[in-house]
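Student: For reference, the structure I am asking about is given below.
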Protein chains: 2
Amino acid sequence: MTIENVSSNKSFGGWNKQYNHYSESLNCTMRFAIYLPPNASNGDKVPVLYWLSGLTCTDENFIHKAGAQRLAAELGIAIVVPDTSPRGEGVADDDNYDLGQGAGFYVNATQEPWSSHYHMYDYVVDELPRLVESTFPVSDKRAISGHSMGGHGALVIALRNPERYASVSAFSPITNPMNCPWGQKAFNAYLGKDRESWREYDASELMRRATQFVPALVDQGEGDDFLVEQLKPELLAAAAEASAYPLELRLQEGYDHSYYFIASFIDDHLRFHAAHLNG
Amino acid sequence: MTIENVSSNKSFGGWNKQYNHYSESLNCTMRFAIYLPPNASNGDKVPVLYWLSGLTCTDENFIHKAGAQRLAAELGIAIVVPDTSPRGEGVADDDNYDLGQGAGFYVNATQEPWSSHYHMYDYVVDELPRLVESTFPVSDKRAISGHSMGGHGALVIALRNPERYASVSAFSPITNPMNCPWGQKAFNAYLGKDRESWREYDASELMRRATQFVPALVDQGEGDDFLVEQLKPELLAAAAEASAYPLELRLQEGYDHSYYFIASFIDDHLRFHAAHLNG
């Protein structure tokens with residue numbers, strides 16, 4: 001497995017780096033970002049927080065705008081940020097921002113023209129951690145978080161793989177994609193018309209019937225323009241109540257859907273994950 | 001004076017906002033950003049840190065990437081970020097990144113075709129603070145900082161107006177523009193061939209003959225690609241020694257010219273300014 005370093009910037013005593021590699025799951029070249037805290041340079045094997053980004057994002061938005069490196073450096077946590085979909089000339093795409101490149105929805109697509117590349121679920125759950133854990137000075141302790149479409153991805157991936165993650169968190173997640181326009185459009189395209197196949201990618205469905213628990217923290221801005229139509233945190237709360245899931249859902253007054261919101265509360269999420277990764 | 005709010009995002013309990021206004025000094029419409037800390041909403045008049053950005057930047061780079069809001073909120077400091085030049089269709093420009101729009105160099109241009117719009121010195125020293133102080137809940141306590149071309153601007157403006165600023169700092173400043181390619185190109189274009197007129201815009205020249213002191217902090221990355229040819233902090237250090245100027249110059253191992261560097265040390269700069277603004 002070859003991996004090519006494409007950028008390297010010192011940050012809070014550690015390093016932000018970007019790498020290209022050929023992904024077998026996605027059948028194309030992918031770029032990801034990693035923040036390595038200072039103690040990773042001293043021979044320590046550090047735990048990893050995976051961050052899944054939202055619609056239109058790449059590996060760069062979180063790294064540039066969330067301000068996570070300061071506390072990650074202090075806590076000794078690496079952060080790995082994949083892209084949000086397969087990319088490239090040979091990869092199917094759509095003119096709209098909410099389907100195709102930049103909008104992989106962290107599923108394994110079964111429908112044409114998406115099924116030859118769009119396997120972001122496998123990429124995030126298996127291939128990327130295997131690559132990261134065999135390349136960098138990191139342990140196999142993992143946590144996962146994300147924003148919006150990536151919050152959906154983080155919750156689904158943790159709920160389906162509770163043995164692989166110490167904790168999960170999300171900002172403004174799409175909590176019930178089967179019942180919102182973004183999710184319905186994407187699932188119809190990637191998974192087809194049979195709604196039974198959608199259930200495995202719906203955080204509220206999964207949380208409602210969960211029996212193994214990954215501690216979960218969710219922050220949602222009350223000033224978020226997508227709150228009512230797309231995000232619906234009340235449905236996730238109801239699902240958590242049904243299974244007595246350990247979900248902490250916080251509504252934050254006045255905050256919107258932007259990285260300003262993420263930056264304002266990322267420290268809380270990092271401390272939450274650190275407590276579970278080091279517990 | 002009309003001023004139009006163009007964006008508003010809650011951030012660390014305060015607000016990031018952007019405004020458009022017509023600038024008399026620059027003879028065009030300008031956008032600036034302001035971060036207002038939480039206590040500015042409670043009737044407190046807060047001090048202001050002005051941030052001057054580098055080549056190619058707008059009012060957004062610092063606001064998105066520096067991670068300054070967290071500590072500014074805690075310290076109760078507003079941050080105002082102007083654009084780096086006049087802008088617009090009627091404004092003279094150049095094909096290169098280091099002259100014209102995005103590269104105003106914080107001077108008052110005297111040469112054609114620049115002299116009808118390029119008066120960033122007057123804008124930053126006079127017009128923008130007057131607008132800010134008459135519009136927002138801020139005091140007349142000011143500090144100034146900046147990066148690269150903006151570090152040059154911050155140092156020059158503080159050195160020429162010591163009564164107006166409590167403190168000055170810079171990241172990777174162009175310390176001696178008269179003696180580096182970026183500065184020589186810009187000063188030739190904006191100020192003309194008479195090098196005497198350049199001295200009033202050269203931080204090393206001004207610091208060497210300073211008699212009134214504004215406390216100054218400068219951080220420079222040792223891994224900065226522009227260090228030797230363009231930035232030359234050793235010339236500023238020599239100037240400070242000549243006038244016994246209170247300059248703290250720090251060389252930071254491994255850091256480059258990027259916002260990763262700024263983010264890593266912005267807290268030190270905010271605490272430095274807070275100590276002087278509240279002193």
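The values are calculated or read from the model by the stated rules, or taken from the named source; none is laboratory data. Source: prediction; values computed, not measured. Note that each Cβ is placed from the backbone with ideal geometry, even for glycine, and that neighbours are counted across all protein chains shown. Surface areas here come from the heavy atoms of the whole protein model, side chains and all, with no ligands, DNA or RNA. Shrake-Rupley method; radii C 1.70, N 1.55, O 1.52, S 1.80 Å.
Student: I'm trying to understand the selection: among the residues of the range A:62-77, which are more than 10 Å from chain B (Cβ to nearest Cβ) and buried (at least 24 other Cβ atoms within 10 Å of the Cβ)?
Tutor: A:Phe62, A:Ala72, A:Ile77
Student: On to the next question. For the range B:37-56, enumerate the residues that are within 14 Å of another protein chain (Cβ to nearest Cβ) and buried (at least 24 other Cβ atoms within 10 Å of the Cβ).
Tutor: Filtering the range B:37-56 for residues within 14 Å of another protein chain (Cβ to nearest Cβ) gives B:37-38, B:41.
Within the range B:37-56, just B:Pro37 meets the criteria.
Student: For A:Asp98, state whether it is away from chain B (no Cβ under 14 Å), open to solvent by less than 10 Å² (accessible area, probe 1.4 Å), in contact (Cβ under 8 Å) with a residue 24 or more places away in the chain and among the acidic types (Asp, Glu).
Tutor: Working: away from chain B (no Cβ under 14 Å): yes; open to solvent by less than 10 Å² (accessible area, probe 1.4 Å): no; in contact (Cβ under 8 Å) with a residue 24 or more places away in the chain: yes; among the acidic types (Asp, Glu): yes.
No: the conditions fail for A:Asp98.
Student: Filter the range A:232-264 down to the residues that are closer than 19 Å to A:Asn179 by Cβ and either of a type in the set (Gly, Ala, Ser) or within 10 Å of chain B (Cβ to nearest Cβ) (or both) and list them by number.
Tutor: Going through the range A:232-264, the residues closer than 19 Å to A:Asn179 by Cβ turn out to be A:232-243, A:245, A:247, A:249, A:257.
Listed by number, the residues that qualify are A:Ala237, A:Ala238, A:Ala239, A:Ala240, A:Ala242, A:Ser243, A:His257.
Student: What's the number of the condition A:Glu229 fails, among (1) assigned to a helix (DSSP H, G or I); (2) surrounded by fewer than 16 Cβ atoms within 10 Å (Cβ to Cβ); (3) within 14 Å of chain B (Cβ to nearest Cβ)?
Tutor: (3)
Student: Residues of the range A:1-32 being in contact with a Ser or Thr (Cβ under 7 Å, 6 or more places away or on another chain), without any contact (Cβ under 8 Å) to a residue 40 or more places away in the chain and farther than 30 Å from B:Ser264 by Cβ, which ones?
Tutor: A:Tyr22
Student: So A:Asp59 clears everything in (1) open to solvent by 40 Å² or more (accessible area, probe 1.4 Å); (2) under 25 Å from B:Ala263 (Cα atoms); (3) among the charged types (D, E, K, R); (4) more than 14 Å from chain B (Cβ to nearest Cβ) except one condition, right? Which one?
Tutor: (1)
Student: Taking B:Pro113 as the residue in question, decide whether it is assigned to a loop (DSSP other than H, G, I, E, B), more than 17 Å from B:Glu205 (Cα to Cα) and open to solvent by 10 Å² or more (accessible area, probe 1.4 Å).
Tutor: On the way: assigned to a loop (DSSP other than H, G, I, E, B): yes; more than 17 Å from B:Glu205 (Cα to Cα): yes; open to solvent by 10 Å² or more (accessible area, probe 1.4 Å): yes.
So B:Pro113 passes the test.
Student: Here are the criteria: (1) within 14 Å of chain B (Cβ to nearest Cβ); (2) buried (at least 20 other Cβ atoms within 10 Å of the Cβ). Tell me which single one A:Gly223 does not satisfy.
Tutor: (2)
Student: Do you know which of the residues in the range B:246-269 that are among the aliphatic types (A, V, I, L, M) and assigned to a strand (DSSP E or B) is most open to solvent (accessible area, probe 1.4 Å)? Spell out how you get there, then give the answer.
Tutor: First, the residues of the range B:246-269 that are among the aliphatic types (A, V, I, L, M): B:247, B:249, B:251, B:262-263, B:266.
Within this subset, residues satisfying the condition of being assigned to a strand (DSSP E or B) are B:247, B:249, B:251.
Working: B:Leu247: 37, B:Leu249: 56, B:Leu251: 95 Å².
Of everything passing the filter in the range B:246-269, B:Leu251 is most open to solvent (accessible area, probe 1.4 Å).
Student: On the basis of being crowded, with 24+ Cβ neighbours inside 10 Å and touching a strand residue (DSSP E or B) at 6+ places or on another chain (Cβ under 7 Å), does A:Val132 make the cut?
Tutor: Values: crowded, with 24+ Cβ neighbours inside 10 Å: no; touching a strand residue (DSSP E or B) at 6+ places or on another chain (Cβ under 7 Å): yes.
Here the answer is no, as A:Val132 does not meet what is asked.
Student: Here are some residues: B:Ser197, B:Ser169, B:Ser243. Which one is in contact (Cβ under 8 Å) with a residue 60 or more places away in the chain, more than 20 Å from B:Leu52 (Cβ to Cβ) and open to solvent by less than 60 Å² (accessible area, probe 1.4 Å)?
Tutor: Details: B:Ser169 fails: more than 20 Å from B:Leu52 (Cβ to Cβ); B:Ser243 fails: in contact (Cβ under 8 Å) with a residue 60 or more places away in the chain.
Going through B:Ser197, B:Ser169, B:Ser243 in turn, just one is in contact (Cβ under 8 Å) with a residue 60 or more places away in the chain, more than 20 Å from B:Leu52 (Cβ to Cβ) and open to solvent by less than 60 Å² (accessible area, probe 1.4 Å): B:Ser197.
Student: Right, another one. Suppose we filter the range A:200-232 for residues that are free of Cβ contacts under 8 Å to residues at least 60 places away in the same chain and either touching a helix residue (DSSP H, G or I) at 6+ places or on another chain (Cβ under 8 Å) or charged (D, E, K, R) (or both); how many remain?
Tutor: 23
Student: Identify the residue in the range A:270-279 that is surrounded by fewer than 21 Cβ atoms within 10 Å (Cβ to Cβ) and in a helix (DSSP H, G or I) and, among all such residues, is farthest from the other protein chains (Cβ to nearest Cβ).
Tutor: Kept after step one, since they are surrounded by fewer than 21 Cβ atoms within 10 Å (Cβ to Cβ), are these residues of the range A:270-279: A:271-272, A:275-276, A:278-279.
Going one step further and asking which of them are in a helix (DSSP H, G or I), we end up with A:271-272, A:275-276.
On the way: A:Arg271: 14, A:Phe272: 17, A:Ala275: 20, A:His276: 23 Å.
Here the answer is A:His276.
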